[in-house]
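Encoded as structure tokens, the structure appears first; notes follow it.
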Amino acid sequence: MKRKIFLAIAIIVTSLQLYGEDFIEGSTPSGLAYVFSMPDCLPNCTSADQEKINTNSRLEQIPIEAIQSARESVNFAQFTFSRQNIFHALVDAHARGVVVRGVVWENSFPNLRQFCGNGSGRCSFNFEPLNTTSYVQSGIEKRKQLLQNLQLYQNATMSERLALLFYRSPTGSEVRPVGGTNATQHNKFVLVDNSMVATGSGNWSSTAIGINLENLLLFYDSTTINAFHCIFEMMWSNRLNRTSVGRCQTDSILFTPASDTLAAILVAIKDSKHMIEISMHHLSHPQILKALALAARSGVKVHLLTDDDDCITSLTSNLRALLSNRNVTLEYVQTNCEIFQLAHNKFGIFDRSFVINGAGNWSISGLQDNLENSQIITEPNLVRAFIRNFEMTSQYVVSRNVCTCNPRDPACRAHYCLDREFNN
């Protein structure tokens, strides 16, 4: 209970401006806590803005505070992981006896692929100093000293450094690669002492905790915690399939690649009577686009917000059919692709009565292949927070006809950074 209060104290039930960023923060009577980021430098954020925001980002402070409060265990799942502050918090937790376990997308292990890419989810190193008695018996500080001159460690990603530091840890701390090219590990959550879980749209990266449009939710109820504990253990033991993932679900917490998330979205669209508002990094699943078109034809107002880096994407037949209806508004959130800034939220609001939010895009990969989580939210205070975030995001949109350009044109490609890879 004390740890719950400790974290809740940091949640201010208001919208506050801090270090160049507006955060919509609050907690609900049922114990949920939430944070939405909204950089006030939009739509012209710079690297300097990013550095300023990252200094004291609530999206980083909250998971760090949770990790620092851990007494027994920290289990985390991330798509990408690059923040040193979170790295140090995890290492410090391990040093004080907390068992730290992490699952990260396999492609986040580029330097250790030959040691961690065997499909087992385990890393096995066959070189010194990692297999020496002195390393295995050393504490974390001694391990750092033994590794610091190793080129492989110097070049390693944060996930790889943790894997090296925790290798053969007697406490059970370990970081494992999960997923591959056809099943991306795209969950983003941290589970502390099986007493709270924080999850949302953002990775542990410099853009996500700073200049992106993201959300983070904190749950303390046992049903949600048990669901995330279940899916983590499935990923940890590499026992993933649609059936096993489905066993971890509840009425309000859904996991992909089970098919229930797509089904829930389609039912929500079909049952909507008045309004559907969607803020989505990538919105492309053909069944969802068809369902939205049917809803619009029946008189439902459909308002879509997505990244402006998608604005030159060719219109599919499903998207053309959707946009042909006067009840549909599609707008692009203007961000800055040169510094990897994204409108990265992934949620839909249905008749302003409930929300489906999650880690995954509403795309074929996000709803059918990847490892993802989604939450169905009915708590009125939290629904209102999502509505407020949607309305604030709407202030930074550009219409599609402003974005038209030829993606074969170098100037167009440069403007939308089409030759860069984004962390989604």
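Among residues of region 164-192 being small (Gly, Ala, Ser) and within 25 Å of residue 216 (Cβ to Cβ), the one that is modelled with the highest pLDDT is 173. Collect the residues in region 25-72 that are over 26 Å from residue 383 (Cα atoms) and charged (D, E, K, R), keeping them in residue-number order. Once the filter is applied, which keeps residues that are over 26 Å from residue 383 (Cα atoms) and charged (D, E, K, R), region 25-72 yields 49, 51, 52, 71, 72. You will find that of 302, 355, the residue that is over 22 Å from the mean Cα position of the chain (by Cα), hydrophobic (A, V, I, L, M, F, W, C), closer than 26 Å to residue 256 by Cα and part of a strand (DSSP E or B) is 302 and no other.
For region 211-252, how many residues meet the condition of being under 24 Å from residue 27 (Cβ atoms), assigned to a helix (DSSP H, G or I) and among the hydrophobic types (A, V, I, L, M, F, W, C)? Walk me through how you get there before you give the answer.
As a first pass, look at region 211-252 and keep what is under 24 Å from residue 27 (Cβ atoms): 212-229, 250-252.
Still in the list and also assigned to a helix (DSSP H, G or I): 222-229.
Cutting the leftovers down to among the hydrophobic types (A, V, I, L, M, F, W, C) gives us 225, 227-228.
So the count comes out to 3.
Within region 178-205, the set of residues being within 13 Å of the chain's Cα centre (by Cα) and either charged (D, E, K, R) or part of a loop (DSSP other than H, G, I, E, B) (or both) comprises 186, 187, 188, 201, 202, 203, 205.
Among the conditions (1) at pLDDT below 95; (2) over 17 Å from residue 218 (Cα atoms); (3) part of a helix (DSSP H, G or I), residue 330 misses just one, which is (3).
What do you reckon, is residue 271 outside the structural domain of residue 33 (by TED's automatic domain parsing) and surrounded by fewer than 18 Cβ atoms within 10 Å (Cβ to Cβ)? Break it down into steps so the answer makes sense when it comes.
Details: outside the structural domain of residue 33 (by TED's automatic domain parsing): yes; surrounded by fewer than 18 Cβ atoms within 10 Å (Cβ to Cβ): yes.
In short, yes.
The listed residues are 264, 258, 296, 291, and the only one of them that is assigned by TED's automatic domain parsing to the domain that holds residue 353, closer than 24 Å to residue 188 by Cβ and at pLDDT 95 or above turns out to be 264. Considering region 221-249, the residues that are at pLDDT 95 or above and among the aromatic types (Phe, Trp, Tyr) include one that is surrounded by the most Cβ atoms within 10 Å (Cβ to Cβ), namely 228.
Within the option set 320, 326, 352, 384, being surrounded by fewer than 24 Cβ atoms within 10 Å (Cβ to Cβ) and in contact (Cβ under 8 Å) with a residue 40 or more places away in the chain holds for one residue only, 352.
Only one of the numbered conditions (1) in contact (Cβ under 8 Å) with a residue 24 or more places away in the chain; (2) more than 15 Å from residue 347 (Cα to Cα); (3) surrounded by 15 or more Cβ atoms within 10 Å (Cβ to Cβ); (4) not aromatic (Phe, Trp, Tyr) is violated by residue 252, and that is (2). Listed by first and then second residue, the pairs linking a residue in region 81-109 that is over 16 Å from residue 191 (Cα atoms) and free of Cβ contacts under 8 Å to residues at least 12 places away in the same chain to a residue that is of a type in the set (A, V, I, L, M, F, W, C) and not in a loop (DSSP other than H, G, I, E, B), with Cβ atoms under 9 Å apart and 6 or more places separating them unless they lie on different chains, are 88/64.
With respect to residue 276, determine if the residue is within 17 Å of residue 352 (Cβ to Cβ) and within 23 Å of the chain's Cα centre (by Cα). Yes; evaluated as a whole, the condition is true for this residue. Those residues that are modelled with pLDDT under 95 and either part of a strand (DSSP E or B) or surrounded by 15 or more Cβ atoms within 10 Å (Cβ to Cβ) (or both), I need them from region 390-404; list them, please. Once the filter is applied, which keeps residues that are modelled with pLDDT under 95 and either part of a strand (DSSP E or B) or surrounded by 15 or more Cβ atoms within 10 Å (Cβ to Cβ) (or both), region 390-404 yields 392, 393, 394, 396, 397, 398, 399, 400, 403. Residues in region 117-138 that are at pLDDT 90 or above and hydroxyl-bearing (Ser, Thr, Tyr) were compared, and the one that is surrounded by the fewest Cβ atoms within 10 Å (Cβ to Cβ) is 133. Report yes if some residue within region 113-130 is closer than 15 Å to residue 157 by Cβ and charged (D, E, K, R); otherwise report no. Taking every residue of region 113-130 in turn, at least one turns out to be closer than 15 Å to residue 157 by Cβ and charged (D, E, K, R).
Restricting attention to region 170-187, the residues being out of contact with any Cys (no Cβ under 9 Å at 6 or more places or on another chain) and either buried (at least 16 other Cβ atoms within 10 Å of the Cβ) or assigned by TED's automatic domain parsing to the domain that holds residue 373 (or both) number 8. Taken residue by residue, region 102-113 has at least one member that is basic (Lys, Arg) and assigned to a helix (DSSP H, G or I).
Of the strands (runs of 3 or more DSSP E) lying entirely inside region 19-101, those carrying at least 1 residues that are at pLDDT below 95 are 21-27, 33-39.
The values are calculated or read from the model by the stated rules, or taken from the named source; none is laboratory data. Owing to the predicted nature of the structure, the values given are computational and were not obtained by experimental measurement. As a convention, Cβ positions derive from the backbone with ideal geometry for all residues, glycine included, and neighbour counts pool all protein chains shown.
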